[in-house]
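Asks: Questions regarding the structure given below will be posed in turn.
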2 protein chains.
Amino acid sequence: MALKKGYAAQHCSLARTLELVGERWTMLVVRDAFYGVRRFSDFQAHLDVPRAVLSARLGTLTEAGILEKRRYEQAPPRDEYVLTERGRQLWPALYALLAWGEAHASGSRPVRRYFLHQACGCRLDPAGGCPECGLGTVPPGDIEVHPGPGADHPDRQDPVSRAMLRPHRLLEPLDTVPTGSGAAEQQRNSR
Amino acid sequence: MALKKGYAAQHCSLARTLELVGERWTMLVVRDAFYGVRRFSDFQAHLDVPRAVLSARLGTLTEAGILEKRRYEQAPPRDEYVLTERGRQLWPALYALLAWGEAHASGSRPVRRYFLHQACGCRLDPAGGCPECGLGTVPPGDIEVHPGPGADHPDRQDPVSRAMLRPHRLLEPLDTVPTGSGAAEQQRNSR
DNA sequence: ACCGCTGGTTCGGTGAATGAACCATGGAGG
DNA sequence: CCTCCATGGTTCATTCACCGAACCAGCGGT
């Protein structure tokens, strides 16, 4: 958001937080990072955000220590952005916003995604805890995302959206190119 | 944020939430509402936000059912904005962002405010629960705000900031004009 | 030599945020 | 009656961030 003057004058933690993650698109980038999106083009395809803005947001988040830019391939230089520990600690805030939206801003639409505690398989409560295990906060690495009734939307047919239709663990890399059984590896190599 | 096109295309609860509360200044307005700020001029004095923007934000929040506009005085018509139940349910998200900022974006500054569970007097844990009572989430009405070491800042000497230096309960109206013991009522009448 | 993919940067146009000024209502004081 | 002040706004010119489209660079494949 870079509130040139307004926020800077505020000495509140919230204001400083919003200076980092309160800008347009930033939280959606972080959300996608939790869902396992890692590459520039995947963020771009899924969020449909102008590339310049995406570039700026990834830069800001990396500078703030929320994402880390890693070269995962040398031959053709390929980079990926992954959440740092600091970034992963944004999960409670992210989940709280998401849960509020589910309860108050969904307009009777069917639920799009379930969040399940991987250990016991039950749905997270609105506070992000596991009612079964008595955990107050389930860490994102122990959460599985499953598609709900409203998951498959006729718009959003890009590979990333389709990859998100399959159940997967938070933070684990999203497999963008899965055709049939076990074809992922072949595909990845053949590109 | 009114993401004209980008967010609208997203069918995610987070995107819809951010359309409401993700705009610049909006979360700070909500935070102040939790702290007990209710009047237009008090929001303006404390946040130092352009009046036009504040007007727009209060309008959006009222329309979204997060705040309610109430006439609290007829004679000279005076209005106040108070959180609705829907607005109060934003507390977990707000606290999570605040706690993250305290942990990761405070740059070794002394803590500005403590949040105490009113029933037992102990500080809230990072998840917004009470470690003593075993409560997963303490509702905002049961939370007391106390000034921390970094509370009194030489800037921000407006009446609202000074009022926030005194311990008070969340959601209860902030007493902006308290001079000495029990003088509040006299002051309010003499204006 | 040419094409395509990834990961960007650059650029002109548009819409939102900003700060300052102005306005309307309704006391209070003289 | 006239003026002053407080509250709660609105209007307006300027500035700034976002937008979409185009362009570019490194590398691989054919």
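Asks: Filter the range A:68-83 down to residues that are loosely packed, with under 15 Cβ neighbours inside 10 Å and either within 23 Å of A:Glu144 (Cβ to Cβ) or acidic (Asp, Glu) (or both) and give me whichever is nearest to DNA strand C (Cβ to nearest atom).
Replies: Looking at residues that are loosely packed, with under 15 Cβ neighbours inside 10 Å and either within 23 Å of A:Glu144 (Cβ to Cβ) or acidic (Asp, Glu) (or both), I get A:Asp79.
Asks: For residues in the range A:39-75 being away from DNA strand D (no atom under 12 Å from the Cβ) and under 19 Å from A:Arg156 (Cβ atoms), which is farthest from the other protein chains (Cβ to nearest Cβ)?
Replies: If we take residues in the range A:39-75 being away from DNA strand D (no atom under 12 Å from the Cβ) and under 19 Å from A:Arg156 (Cβ atoms), then A:Arg39 is farthest from the other protein chains (Cβ to nearest Cβ).
Asks: Please go through the range B:115-144 and pick out each residue that is more than 12 Å from every other protein chain (Cβ to nearest Cβ) and assigned to a strand (DSSP E or B).
Replies: Hits for the range B:115-144 are B:Leu116, B:His117, B:Arg123, B:Ile143, B:Glu144.
Asks: Which members of the range A:96-148 meet the condition of being among the β-branched types (Val, Ile, Thr) and touching a residue at least 24 places away in the same chain (Cβ under 8 Å)?
Replies: Correct list: A:Val111, A:Thr137, A:Ile143, A:Val145.
Asks: Report, by residue number, each residue of the range A:66-92 that is within 13 Å of the chain's Cα centre (by Cα) and touching a residue at least 40 places away in the same chain (Cβ under 8 Å).
Replies: A:Ile66, A:Tyr81, A:Val82, A:Leu83, A:Gly87, A:Arg88, A:Leu90, A:Trp91, A:Pro92
Asks: Residues to consider are B:Gly65, B:Gly36; find the one that is outside the structural domain of B:Val111 (by TED's automatic domain parsing) and surrounded by 21 or more Cβ atoms within 10 Å (Cβ to Cβ).
Replies: One residue alone meets the criteria, B:Gly36.
Asks: Out of B:Ala56, B:Ala15, report the one residue that is buried (at least 22 other Cβ atoms within 10 Å of the Cβ), over 30 Å from B:Pro149 (Cα atoms) and of a type in the set (A, V, I, L, M).
Replies: After ruling out the rest, the residue left standing is B:Ala15.
Asks: Which of the residues that make up the range A:1-47 are on the phi > 0 side of the Ramachandran plot and at pLDDT 90 or above?
Replies: A:Trp25, A:Gly36
The values are calculated or read from the model by the stated rules, or taken from the named source; none is laboratory data. Keep in mind it's a predicted model, so treat the numbers as computed, not measured. Cβ atoms come from the backbone with ideal geometry, glycine included; neighbour counts cover every protein chain shown.
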